[in-house]
Structures are given as C-alpha cells and as structure tokens.
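Below: one structure, written as structure tokens.
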Amino acid sequence: MPVSVSYRRDRRVVVVGAGSNGLICAIHLARAGLDVTVLEHAPRPGGASRSVAATLPGFVHDHCAGFNPMTVASPAMRELELETEGLRWIRPEAIMAHPFADGTAISLHHDLERTVASLERGSPGAGVAWRGLIERYRPLADRLVEAILSPLPPVRHGVALAAALRRDMLLLARRMAGSIEAFGLDVFDGASRPTAWLSGSAQHSGLAPSTAGSGAFGFLLVLLAHAGGWPFPEGGQQRITDALLAIAAREGVTVRCDAHVEQILVRAGRTVGVALRDGEELPARDVVTTISASPLAAMLPAGALPDRLVRRLRIWRYSTAAFKLDYALDRPVPWTAAEAREAAVVHVGGELRELAAAAEAAQRGDLPERPAVVIGQHTQFDPSRAPAGQHTLYCYAHMPRRYNASDQDVAGLIEDQLERFAPGFAGTVKGRAIRNPAQTEAENPSLVGGDLGGGTYELDQQLVFRPAPELCRHRTPLKGLYVTGASVHPGGSVQGMGGRSAARALLADRRLRPWRA
Ligand SMILES: Cc1cc2nc3c(=O)[nH]c(=O)nc-3n(C[C@H](O)[C@H](O)[C@H](O)COP(=O)(O)OP(=O)(O)OC[C@H]3O[C@@H](n4cnc5c(N)ncnc54)[C@H](O)[C@@H]3O)c2cc1C
C-alpha cells in the first residue's frame with residue numbers, strides 16, 4: 001500500500017508502559033512535536049519506581065526500586081533536571097554495610113579513606129588494594145557509565161575510555177566479564193570477606209557471585225558509591241515519577257492508567273495502533289513498548305516479526321524473583337554490628353559461601369535456607385517517610401519464581417536471617433507488608449515471575465543479545481515498532497537511557513531531529 005502524505009504526517013505515537021523508560025521516551029517524542037499517549041496497565045503510573053503506603057498510616061515505602069546510583073549517573077536523567085521539579089536527593093555518607101555472624105562488618109562509604117579503613121580492619125591489605133583500584137577508576141566513572149548505557153556500539157565513549165585507561169582497559173574488561181567472586185579474589189589477593197562485601201552488590205541483579213558478568217554489576221555499583229553515591233529521593237521513589245510526570249504534562253503527553261495493552265495492531269506490514277484489553281482500539285502510526293520480552297511476544301500478531309525473533313522473545317530467560325517485605329518499625333533495627341546501624345543499605349548474607357549457596361539454591365528452584373537480603377534503612381536519613389522517631393525497613397531477597405511454601409514461611413526465612421544479624425529485630429516491628437512474586441507480576445506484568453531485572457543478566461542475554469541483535473538498538477523489523485525497557489540493552493534500573501535512545505531512533509527515522517540514534 002503506498003504511504004499517503006496524510007499518513008506520513010500522522011503524528012500519533014503510543015508508548016506502552018508508564019515506568020521511567022516510558023515517561024522519558026514520551027517526553028522526548030512530545031518535545032519533537034509528536035502527539036504521544038502513554039498507556040499503563042496499573043491504576044497509577046511509575047512502574048517499578050513508585051512509593052506506596054503498604055503498612056501503617058504515615059509510613060512511606062518504596063514499592064520496587066529503593067536506591068538511585070544509576071539514576072543520578074544517567075545522562076538521560078541528568079539532562080531532565082528533575083531537581084527543578086522539586087526532587088531532592090539524599091546522599092548518605094555511610095552507604096552500605098556487610099555484617100558477618102561474628103558481629104563484625106565491612107562498610108562502604110562515599111569517602112574512600114573510611115572504606116579503606118573498614119576493609120583494613122576486616123582483612124589487612126584489602127583496603128590498600130581497594131584504594132589503588134578506586135583511585136585508578138573513579139575519575140573515569142562517568143565515562144564508564146556512558147559507555148555501558150549508550151546505544152550499541154558505544155564507539156565514542158568506548159574509545160574515550162580505552163584512551164584513558166590504555167593497558168588497564170583490558171584488565172578492567174576481563175574482570176567485568178568475569179564473576180564478581182573472581183574479581184574480588186583477584187583484587188583482594190584471595191581474601192574471602194572483602195570479596196563477600198563486594199559480591200553483595202552484584203546480588204542486587206540476582207546474579208550469583210560465581211556467574212560470569214556479575215563482575216560488571218558489582219564493580220560498577222561500588223565504584224558509583226565513591227563517585228555520586230547511592231542517593232535516594234527525599235519522600236520516596238514516587239518523587240522521581242512525579243517529576244517525570246510533571247515534565248511530561250508540560251510537554252503535552254497524555255498518560256492513561258488502567259489501560260492494559262493486549263495487542264499491537266499491524267496492517268500492511270507496519271504498526272497502526274494498539275488494542276486494549278477491553279477491546280478499545282487506539283490508532284497510532286508508531287508504537288514504542290517498554291515491557292519485557294515475553295509479554296511483548298504475546299502482544300504481537302502472528303507474522304509481525306520473523307519467527308526466530310518471536311521465539312527469542314518467548315523463550316527469554318527470567319531470573320529469580322524478588323520477594324519483597326516492607327516493615328513499619330517503632331525503633332531502628334538493633335544490628336549487632338555498629339556499621340550496619342549507620343548505613344543506608346545493609347547486605348545481609350554473611351560469608352561468600354553463604355551468598356553463593358543462597359543464590360544457587362534460588363536459581364535451582366529451592367528456597368534458600370539462609371537468603372541473601374538487600375535492606376534499605378531510608379528513614380535513618382529521611383525522617384519524612386515515617387512518623388517521628390519511627391522507621392521503615394525496605395527488604396527483598398531473591399527466591400525461586402515458584403515454591404511450595406506459604407508466604408509466611410518465606411518471610412520467616414528472611415526474618416530468621418535478620419534475627420541472626422540483629423537479635424531482637426522482631427520486637428521492633430509494628431507493621432509488615434509482604435509481596436510475593438505472583439503479586440508483583442500481577443501488578444506489573446513486565447516483571448515476569450517477580451524478576452526485578454526484566455530477564456537474567458547472564459552474558460548470553462547482554463549487549464547485542466539483549467534481547468537480540470535486531471532489537472538491541474530499539475528498532476525492529478516491523479515498521480513503526482520500537483522496543484525498550486529492561487529486556488533491551490542497556491537493561492534495567494531507573495536510568496531511562498533506553499527510553500531516550502528509543503525516542504531518538506524513532507525521531508531519526510521520521511527525520512524529526514538530526515539525532516544519531
Ligand atoms: C524489587 C525491586 C527492586 C529494585 N531496586 C532497584 C533499585 O534500587 N535501583 C534501581 O535503579 N532499580 C531497581 N529496580 C529495577 C528498576 O526498578 C527497573 O529496572 C526500572 O524501573 C525499569 O523501568 P521501565 O520503565 O523499563 O519498566 P517498569 O518501571 O517496569 O515499567 C513498565 C510499565 O509497563 C506497564 N505494563 C506492563 N504490561 C503492560 C501492558 N500490557 N499494557 C500497559 N502497560 C503495561 C507496567 O505496569 C509498568 O508500569 C528494582 C526493581 C524491583 C522489582
């Protein structure tokens with residue numbers, strides 16, 4: 001069918017999903033003059049970047065994401081200047097503590113020398129090694145982030161990084177491609193406890209410490225701690241979404257909630273709109289989806305993409321599930337280790353072999369006896385999130401996506417771990433909210449099986465394989481369909497680069513901006 005002039009002038013675009021990627025994509029498209037509607041399954045926008053009143057009145061809990069090292073490092077977020085919308089970052093100095101069962105802990109501070117001192121106390125020699133590493137790479141942290149988050153191939157940032165690092169580039173590439181366990185044992189000369197301290201950060205992604213590629217996650221997060229820190233918004237993650245919504249509204253973006261997209265409509269070899277679950281059809285020349293691979297496959301009519309690509313999306317591997325607990329506490333957690341009482345984040349899990357056992361059990365489909373738990377103590381730094389003198393506790397552990405146990409039993413495993421490192425924890429609890437993997441997926445169908453990352457970050461699902469060479473740069477073989485979100489390079493976390501890059505690809509195709517996507 002010949003494309004008519006009016007068709008070429010059709011400015012309607014639908015963005016599927018009102019998470020950070022969807023909102024950022026919509027903002028860029030609207031700024032270029034397109035007529036953008038964001039369709040959102042949930043009753044409220046924000047996706048995995050929201051706050052909720054999950055426990056008791058006056059307590060504000062981060063529903064999914066809790067910390068924002070990638071957000072503040074991301075060029076896509078920085079350029080939007082969310083601070084001018086009223087967002088205020090809180091940047092704890094004591095960033096993370098990793099306690100051990102003997103009551104000691106190693107802590108991560110924004111200040112390198114305090115971190116070096118803590119590592120030296122835990123394992124003589126480890127701090128000195130850490131200082132050498134961070135002094136070498138910290139000046140390049142921004143370039144490293146841009147190389148990781150940019151569309152593939154990241155030529156400009158990659159070349160700049162290689163020029164700055166020279167021979168060290170190969171060393172860094174080797175360590176990042178390997179496991180975080182190998183990275184730590186290499187840097188710390190075989191010392192296990194500092195390696196456990198480093199590995200805890202890679203486990204945010206759900207990767208076991210021995211998995212190839214976990215080196216990149218763990219190191220990047222800890223490097224960012226020494227660069228921009230692990231900040232979070234005063235008042236909760238919702239503030240990020242609210243700031244994005246305010247900008248989107250000014251640009252004329254329409255956001256419709258309770259609007260579950262069931263199918264992408266295709267005619268004559270290109271997208272013509274979407275159909276909602278209730279049967280309503282919304283015409284649009286272009287469609288950008290931000291949802292993860294397997295629900296995307298289910299939305300495509302037969303023949304819309306080559307079979308091999310649809311199969312790739314359908315068999316996309318999701319990782320373990322985040323089992324989420326939020327607490328309202330009447331006082332701070334009584335951690336045995338003083339370092340854990342001061343830190344914004346606590347990695348509960350103990351020794352390296354225990355972290356590995358927890359991750360491997362969950363990946364095999366077994367409930368870990370001693371789960372590795374990510375804890376957030378926001379109210380130590382942000383009293384606005386709880387009534388005076390009281391506290392929230394943010395908590396998740398990686399569990400199998402399906403298990404034969406009650407939610408109470410799974411929560412019990414996590415609470416046993418907390419009692420191990422903080423005897424008397426149970427006595428501080430006034431209220432508790434549990435979110436199991438099935439609830440997480442029902443609330444946000446993109447988080448399949450409760451996987452927080454939109455698919456495992458093992459190496460065969462990274463870079464051009466996220467999710468496939470034909471899709472990793474946001475275009476697809478179907479005219480008018482663009483993809484982004486956590487299943488597409490550069491993957492998850494609240495950083496919005498995929499949303500920006502997808503918008504740029506679409507705008508370049510429509511010759512609306514001289515951007516190179
Ligand atoms: C428990 C947990 C902890 C996390 N911790 C952190 C953290 O501390 N820091 C960090 O940076 N990242 C963290 N993340 C990851 C981060 O939140 C996500 O990677 C990021 O928010 C993804 O943004 P997105 O816009 O791609 O997708 P999402 O935010 O998931 O948005 C996708 C949207 O699409 C909607 N949707 C799905 N299907 C449809 C449909 N058919 N029709 C219409 N709408 C649909 C969903 O409801 C959702 O609103 C965490 C995630 C989880 C789950």
Q. According to the Kirkwood expression over distinct Cα-Cα pairs, how big is the hydrodynamic radius of segment 127-226, in Å?
A. 13.6
**Q.** Order of C64, C472, C257 under a 10 Å beta carbon neighbour criterion, fewest first
**A.** C257, C472, C64
Q.
Among V483, G86, V345, whose Cα projects farthest towards the positive end of the dipole of the chain, with charges put on the beta-carbon of Lys, Arg (+1) and Asp, Glu (-1)?
A. V483
**Q.** Size of electric dipole in segment 127-226: Cβ of Lys, Arg +1 and of Asp, Glu -1, about Cα centre, debye, nearest 20
**A.** 200
Q. Counting other Cβ atoms within 10 Å of each Cβ, which trypsin sites (Lys or Arg not before Pro) in segment 131-189 have at most 13 and sit in a DSSP loop?
A. R166
**Q.** Kirkwood hydrodynamic radius of segment 72-188, from inverse mean 1/r over distinct Cα pairs, in Å
**A.** 16.6
Q) Looking at P467, Q495, A411, which one has the Cα that reaches farthest to the positive end of the dipole of the chain (charges on Cβ: Lys, Arg +1; Asp, Glu -1)? A) P467
Q. Summing Lys, Arg as +1 and Asp, Glu as -1, what charge do residues with Cβ under 13 Å from the Cβ of G127 carry, G127 excluded?
A. -1
Q. Relative contact order (percent) for the chain, with alpha-carbon contacts under 8 angstrom and 6 or more residues of separation?
A. 23
Q: Please give the FRET efficiency for R166 paired with F465, using the beta carbon to beta carbon distance and R0 = 41 Å, rounded to the nearest 0.05.
A: 0.90
Q. Against the longest principal axis of the chain, how steep is helix 407-421, in degrees 0 to 90 to the nearest 10, with axes from Cα atoms?
A. 40
**Q.** Distance cut-off 38 Å, percentage of C-alpha pairs in the chain lying past it
**A.** 24
(Q) Explain nothing, just compute: Karplus ³J(HN,Hα) = 6.51 cos²θ - 1.76 cosθ + 1.60, θ = phi - 60°, for every residue of segment 429-434 in order, whole Hz, x for Gly and Pro. (A) 7, 9, x, 8, 10, 9
Q: Enumerate the whole-percent occupancy of each 10 Å bin, from 0 to the last occupied one, for all C-alpha pair distances of segment 216-277.
A: 16, 22, 28, 24, 11, 0
Q | Within the chain, percent of DSSP bridges classed antiparallel, to nearest 5 | A | 70
Q. For the chain, what is the mean residue ellipticity at 222 nm derived from helices alone (per DSSP H run of n ≥ 4: -39500 (n - 2.57); sum divided by total residues; nearest 500 deg cm²/dmol)?
A. -11000 deg cm²/dmol
(Q) What distance in nm separates the two pseudo spin-label positions at A338 and D189, each 7 Å out from Cα along the beta-carbon direction? (A) 2.7
Q: Calculate, in nm to one decimal, what L112 and R402 gain on full extension: separation in residues at 0.36 nm each, minus their alpha carbon distance.
A: 100.3 nm
Q: Filter the GluC sites (Glu not before Pro) in segment 1-92 down to the DSSP loop ones having no more than 13 other Cβ atoms within 10 Å, then list what survives.
A: E79, E81
Q: Could you please rank S49, S406, placing first whichever residue has the fewest other Cβ atoms within 10 Å of its Cβ?
A: S406, S49
Q. Put a dot 7 Å past each Cα toward the Cβ at E351 and R314; how far apart are the dots in nm?
A. 4.6
(Q) Order 90-98, 105-113 from most to least packed using the mean count of other Cβ atoms within 10 Å. (A) 90-98, 105-113
(Q) For the pair A101/R364, report the inter-label distance in nm, with labels modelled 7 Å from Cα in the Cβ direction. (A) 1.9
Q | Largest-first principal axis extents of the Cα set of segment 15-156 (Å) | A | 60, 49, 26
Q: Compute the acute angle (0 to 90°) between the alpha-carbon long axis of helix 20-31 and the principal axis of greatest extent of the alpha-carbon atoms of the chain; round to the nearest 10°.
A: 40
Q) If you line up the long axis of helix 214-226 against the longest principal axis of the chain, both from Cα atoms, how many degrees apart are they, to the nearest 10? A) 80
Q: Sort V16, V429 so that the residue with the fewest other Cβ atoms within 10 Å of its own Cβ comes first and the one with the most comes last.
A: V429, V16
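Here, each number is a calculation from the coordinates, and none is a lab measurement. Please read all numbers here as calculations on a predicted model, not as lab measurements. Don't worry about glycine lacking a Cβ; one is built from the backbone with ideal geometry, like all the others, and counts go over all protein chains shown.
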